[in-house]
1. Taking the chain as the reference, fit the longest principal axis to its C-alpha atoms, fit the long axis of helix 154-172 to the helix C-alpha atoms, and give the angle between the two in degrees, 0 to 90, nearest 10.
2. Rounded to the nearest 0.05, what FRET efficiency is calculated for Glu389 and Gln342 with R0 set to 25 Å and r the Cβ-Cβ distance?
3. Shape verdict for the range 20-211, please, from the Cα gyration tensor: rounded (a/c under 1.5), prolate (a/b greater than b/c) or oblate.
4. Per the Kirkwood treatment, what hydrodynamic radius in Å, one decimal, follows for the chain from the mean inverse distance over all distinct Cα pairs?
5. Summing +1 for each Lys or Arg and -1 for each Asp or Glu, what net charge is found among the other residues whose Cβ lies under 11 Å from the Cβ of Glu397?
6. Is there a quick way to get the dipole size of the chain? I mean about its Cα centre, with the Cβ of Lys and Arg at +1 and of Asp and Glu at -1; what is the value in debye to the nearest 20?
7. Would you work out which of Ile145, Leu169, Leu276 lies farthest towards the positive end of the dipole of the range 144-279? Charges go on Cβ: Lys and Arg +1, Asp and Glu -1.
8. Angle, helix 420-437 long axis vs. longest principal axis of the chain, Cα atoms, 0 to 90°, nearest 10?
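Each reported figure results from applying straightforward, stated rules to the coordinates on display, with no laboratory input. All of these numbers come straight from a predicted model, not from anything done at the bench. With ideal geometry, Cβ positions are generated from the backbone for all residues, glycine too; neighbour counts draw on all protein chains shown.
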Amino acid sequence: MTKLKLDSYRKIRLESFGVSDILKQYIGKVIISILFLSLLTVFLSIIRKRVFSDNSKILLIISLIFLESVFAYFSVQLKIDYPIELLVFIPVSAILLTILFDSRLAFFVQMSIIMITASIRGGDFTSSFIYFCGSVLAIFSVRDIKNRSQIFRSAIFIFAGYSLSIIALGLDKIESEYNIFTGIIFGGINSVMSPIIAYGLLIFYEKTFKITTDLTLIELADFNHPLLKKLSTVAPGTFHHSVIMANLAESAAEAIGANRILTRVGCYYHDVGKILKPEYYVENQIDKKSKHEKLNPTISAKVIIAHVKEGIELARQYKLPEEVIDFIPMHHGTTLVSYFYQKAKNVVDEDKEDISDYIYRYPGPKPQTKETGIVMLADTIEAATRTIEEPTPGKLEDKIDEIIKKRFIEGELDECELTLKDLSKIKLAFLKILVGIHHQRIKYPEEKNNNKNSSENHR
């Protein structure tokens, strides 16, 4: 009875509002929105600088805030005697932000969205509690999403969040069972519709804003992808090398907190340019005779270096994301094709002439991210350790040390944000995987002291 009297009083008071009162309320809503947008701006500028400096990503976030604000506005305008506020599809933005960015950014942006929509609804902070519960569980449900169909799993979490919060608020305000049940029904509609809307908008945002999500990367990691199938058929040696180095690189990425899925996928596609002339690369040569034996060292170097440009063109033809294409030139950086450079130098030395190393260097750019830096190291280390005779953990560690130091001294890692601490962790991650790979071939030092007649072999 008391609630009905309060609702009647609120209705009469709103009807008696003058122009000045409406203006004051409007200014209040604007101030609240500006306040939360300002806090969001501070968060992005300090904690997520890469997002803050990317205009397209800022536009994406603004579009989601606008979308939810529109939902909130219409929930106020529609004069229906039902809890229409529960059909403001707040979890949609929670799902999209988590998949497109990460759970931490999603949580902070979502809190801003919830407060802005509550302000639009005239200070309806009761509904904001329900939105909060549904949003947090929505974020949790898609945090480690592995395929697109998992988006629909979030419906259960959203429904749980909405139902429990509606029941809690209903009991606290001594609502009737009918009102609580009605609220749960509307919350259920929201929990079903939100994942459906999010699923449709996800494809739109990925294509429009050219964002590569973990979902896209997982799809690209499938060996049934046409480009990977072609690589495995035409250049099986290169494909095998890519798979082995992907294990190395993913382990290193995980050790330093880099994107392990992006790193793995980058390895799979880093050498796709070799598809066009596979026989010119040692890992694909079946015959003992090399195609380079009859070629001038300069021509050989040009053929080898060309696989970068050809790989980029092939990757774009197959519409790979730019984040994945970056691995093709960056995994070589501006390194020297040392074998043919030395071969050319030996010929020139006999003629007493000088030779420039410019035409024997890859065009770059150098690795720009931690992920591309890891792949550069994994590429060289995987190939180099494969040639070690009778590998031991000590020999493997020395080779890894040698290559990392060489790339560091050459300045190839200057632009990729890898610290010395990161390089130490990467080294240990590489060593652990390589010892496992070469396990059956390794002769451990203690075996030297074993009885020669012993029938046991280390496995």
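1. Around 30 degrees separate the two axes.
2. 0.70
3. It is oblate, given that a/c is not under 1.5 and a/b is not larger than b/c.
4. Taking the inverse mean of 1/r over all distinct Cα pairs, the chain comes out at 26.3 Å.
5. Result for the local shell: +1.
6. 600
7. The listed residue farthest towards the positive side: Leu276.
8. Orientation of helix 420-437: about 70 degrees from the principal axis.
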